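To start, the structure itself, in structure tokens.
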Amino acid sequence: MSCLARIISIENMDQAKKELLELGVHSSGLDIMAPKAVFKAIKIKDVSVVAANILKQDMLSRGGEAATSKGTIDHSEEKTDVILLGTIFQYKSLIERLKTQQFGLPRAGKEIELLLQRNEGQPKPILGMDFGRKTYIMGILNATPDSFSDGGKYVKTEDAVFHAEQMTKDGADIIDVGGESTRPGAQEITVEEEIKRVVPVIKGMIETRLIASPQYDHPTIISIDTRKSSVADAAIKAGAGMINDVSGLRHDQRMARVAAEHKVPMIIMHSKGDPSIMQNDPQYEDLISEILAFFEDSIEIAVKAGVKENVIILDPGIGFCKTLEHNIEILRRLDELRCLGRPLCIGLSKKSFIGKILGGEASQRREGSSAASVLAISKKVDIIRIHDVEQLSKAAKISDVILR
């Protein structure tokens, strides 16, 4: 007899229900069996060893597993990280049990419950972007003389506006206008110079009706790529509808206030240090945890300034204070960054880490950029920031049909 057994891939409840329905399972059994088909590994940091031992026993009693440090059982350590291994069904039972426990375990239960909800669900739409249904493309428009890839090509307003229109025709959902290079080693320019570069371009895009042209099947969003609140303020008054801050609200304390006053969404990117020095030996003890902690602090800064949390988008900052190994680790573990429940944006276009892998200058990194972007889409990234819009737009459509 031939073997017909196979391993099937079930990542979420929707996939579980689909497989069960195709099998012919009665609808009344879906809610019982589907949670047993979805396995998740959850890591909790800095748990007291008393709580960790209780957590382990509670998880084991439900048929799951909990990994702790070897010093947990004899209390030779004070704290430990815990990795829980179980199905959605087991976690639901565990959450109910943790509500009755002590030592901070009710809070841990709430965090696990929220994490699972965020993992299964999708962020609310922002400016018409319905996350989870498709990948949104952000076209890069550098009105700069010194950007690493296309510096000097679009310093004339008419050239920049024409390029923006072409990117929209090619499938860009967002046009990200920047007037200051933030490549490694770049020097800061004045607010006045940056405004002089970006505002005429934004006005030109509005005047040519690029942003609501009936020939396109979607409205195009104008984003202002800046670290400076005064530039963001001028750009929004000129017609921009989103802020993209590569400093993660660390460069200018007024940035969040400007976003709140104008009621515009914002992308918060992770970075450490000024661009002029950020690639001088970047180091992390726990890369993903440190990025998440940075995001939590940035979100708190934004919310305190009046920005609604549901209009914040996060970007892990590929190439910003990151080594080749850091960038690769982020790409491998992108889906872990969804634990904060916010949409994810990523900029991979022609980055130096692609050149380190493939060789060649920035102009020779198109294929590598597309390959890395498709991988990011498979990890549920919502927005891809790119130079070559047409190529990626086509790759994203194929990826979305398969993955979304």
query = How about the range 76-181: which helices (runs of 4 or more DSSP H) wholly inside it have at least 1 residues that are under 30 Å from Ile236 (Cβ atoms) and open to solvent by 40 Å² or more (accessible area, probe 1.4 Å)?
reply = 105-120, 157-169
request  = Pull up the range 157-172, narrow it to residues that are touching a helix residue (DSSP H, G or I) at 6+ places or on another chain (Cβ under 9 Å) and of a type in the set (D, E, K, R), then point me to the one that is nearest to Thr323 (Cα to Cα).
outcome  = Asp170
key: Residue ID - surrounded by the fewest Cβ atoms within 10 Å (Cβ to Cβ), chosen from residues in the range 258-303 that are more than 30 Å from Ile42 (Cβ to Cβ) and touching a Ser or Thr at 6+ places or on another chain (Cβ under 7 Å)   = Met278
Exclusive hit being hydrophobic (A, V, I, L, M, F, W, C) and touching a residue at least 60 places away in the same chain (Cβ under 8 Å), set Leu116, Leu105 = Leu116
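When you scan the range 226-336 for helices (runs of 4 or more DSSP H) that lie fully inside it, which ones turn up with 3 or more residues that are of a type in the set (Val, Ile, Thr) and free of Cβ contacts under 8 Å to residues at least 60 places away in the same chain? Spell out how you get there, then give the answer.
On the way: elements: 229-238, 255-262, 287-305, 324-332.
Ranges flagged: 287-305.
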message = Filter the range 234-251 down to the residues that are surrounded by 23 or more Cβ atoms within 10 Å (Cβ to Cβ) and either on the phi > 0 side of the Ramachandran plot or among the hydrophobic types (A, V, I, L, M, F, W, C) (or both) and list them by number.
response = Ala235, Ala240, Met242, Ile243, Gly248, Leu249
key: Count of residues meeting criterion [buried (at least 20 other Cβ atoms within 10 Å of the Cβ), part of a loop (DSSP other than H, G, I, E, B) and in contact with a helix residue (DSSP H, G or I) (Cβ under 9 Å, 6 or more places away or on another chain)] in the range 368-388   = 4
ask   = Which condition does Arg338 not pass, out of (1) of a type in the set (D, E, K, R); (2) modelled with pLDDT of 95 or more; (3) under 23 Å from Leu116 (Cβ atoms), if it passes all the others?
value = (2)
Criterion violated by Val401 - all others in (1) open to solvent by 70 Å² or more (accessible area, probe 1.4 Å); (2) in contact with a Gly (Cβ under 8 Å, 6 or more places away or on another chain) satisfied = (2)
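The values are calculated or read from the model by the stated rules, or taken from the named source; none is laboratory data. Model, not experiment: these values are computed from the prediction. Reconstructed Cβ throughout: ideal geometry from the backbone, glycine too, with neighbour counts over all protein chains shown. Please note that ligands, DNA and RNA were not included when accessible areas were found on the heavy atoms of the full protein model with its side chains. Shrake-Rupley method; radii C 1.70, N 1.55, O 1.52, S 1.80 Å.
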